[in-house]
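The values are calculated or read from the model by the stated rules, or taken from the named source; none is laboratory data. Note that the structure is a prediction, hence the values are computed from the model and not measured. In this analysis, Cβ positions are derived from the backbone assuming ideal geometry, glycine residues included, and neighbour counts consider all displayed protein chains.
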């Protein structure tokens, strides 16, 4: 295996992330030990589409399996089939982590940053989720709501509220065909909760990128206020 280090790019890449052969080396953070336990749990359950944690190298960097493909960073238009594939991948992750020590009393372990920049595409098809550093126990609806917000660019996209409402319903049905009504009712409160979480996070930052993102989240919240009845009607139908 080649030991040449090649910097990785294409998404919101953490500084210092490199590819070495068929592995990725990343600097560790205080959250890394929990993320490693989550990845080991997913490997134990044989869940595909996530990196495998392979250990720590001589420089103190985590070693992860390389996920071939390209990141979906900057992409906000998806076919129904692509969106459903992504949702079902997340459902498999959530199911494997529900009831584990990592989830504790919560429904599951949430990724907390399910977005195009953390999604790997193969031939345009979502095939993997990366970067579990933000993983923490939480409700399934929070992860799904965040995914739909970032994938559909809710509040900033020119797509109509009616079409977005259809896609939200499609995603809910694909995720929870066995318990759709419960998820339908939970989705919009979860979406608002996630937007307010990111709004508070960006408000605490001082860099220009965060300032712009703070404005974008405010716009998304205004959009949700303006179209909540339309979204609720589609989800309840």
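The residues of the stretch 139-170 that are closer than 26 Å to residue 39 by Cα and either surrounded by fewer than 19 Cβ atoms within 10 Å (Cβ to Cβ) or at pLDDT below 95 (or both) amount to a single one, 139. Taking residues in the stretch 14-41 that are free of Cβ contacts under 8 Å to residues at least 12 places away in the same chain, and partners anywhere that are surrounded by 13 or more Cβ atoms within 10 Å (Cβ to Cβ) and assigned to a loop (DSSP other than H, G, I, E, B), the pairs with Cβ atoms closer than 8 Å and at least 6 places apart or on different chains are 17/8; 17/27.
For the condition buried (at least 17 other Cβ atoms within 10 Å of the Cβ) and touching a strand residue (DSSP E or B) at 6+ places or on another chain (Cβ under 6 Å), residue 25 qualifies.
Checking the structure you have, find out if any residue of the stretch 147-154 is assigned to a loop (DSSP other than H, G, I, E, B) and either within 26 Å of residue 99 (Cβ to Cβ) or touching a strand residue (DSSP E or B) at 6+ places or on another chain (Cβ under 7 Å) (or both).
Residues of the stretch 147-154 assigned to a loop (DSSP other than H, G, I, E, B): 153-154.
Then keep just the ones that are either within 26 Å of residue 99 (Cβ to Cβ) or touching a strand residue (DSSP E or B) at 6+ places or on another chain (Cβ under 7 Å) (or both); that gives none.
No, there is no match, as no residue in the stretch 147-154 is assigned to a loop (DSSP other than H, G, I, E, B) and either within 26 Å of residue 99 (Cβ to Cβ) or touching a strand residue (DSSP E or B) at 6+ places or on another chain (Cβ under 7 Å) (or both).
Within the stretch 73-91, being over 16 Å from residue 167 (Cβ atoms) and buried (at least 17 other Cβ atoms within 10 Å of the Cβ) holds for 89, 91.
Only one of these is under 22 Å from residue 45 (Cα atoms) and either assigned by TED's automatic domain parsing to the domain that holds residue 37 or free of Cβ contacts under 8 Å to residues at least 12 places away in the same chain (or both): 138, 180, 99, 134. Name it. After applying the criteria, what remains is 99.
Pick from 60, 16: which is in contact with a strand residue (DSSP E or B) (Cβ under 8 Å, 6 or more places away or on another chain), in a loop (DSSP other than H, G, I, E, B) and farther than 30 Å from residue 169 by Cα?
Details: 60 fails: in contact with a strand residue (DSSP E or B) (Cβ under 8 Å, 6 or more places away or on another chain).
Selected residue: 16, the only one of 60, 16 that is in contact with a strand residue (DSSP E or B) (Cβ under 8 Å, 6 or more places away or on another chain), in a loop (DSSP other than H, G, I, E, B) and farther than 30 Å from residue 169 by Cα.
Given the criteria under 12 Å from residue 132 (Cβ atoms) and within 17 Å of the chain's Cα centre (by Cα), does residue 51 qualify? It is true that residue 51 is under 12 Å from residue 132 (Cβ atoms) and within 17 Å of the chain's Cα centre (by Cα).
Table: residues versus (1) out of contact with any helix residue (DSSP H, G or I) (no Cβ under 9 Å at 6 or more places or on another chain); (2) outside the structural domain of residue 127 (by TED's automatic domain parsing); (3) more than 30 Å from residue 209 (Cβ to Cβ).
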position	(1), (2), (3)
20	yes, yes, no
31	yes, yes, no
38	no, yes, no
47	no, yes, yes
50	no, yes, no
58	yes, yes, yes
80	no, no, yes
94	no, no, no
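The residues of the stretch 174-202 that are over 18 Å from the mean Cα position of the chain (by Cα) and either surrounded by 14 or more Cβ atoms within 10 Å (Cβ to Cβ) or within 22 Å of residue 75 (Cβ to Cβ) (or both), listed by number, are 180, 184, 185.
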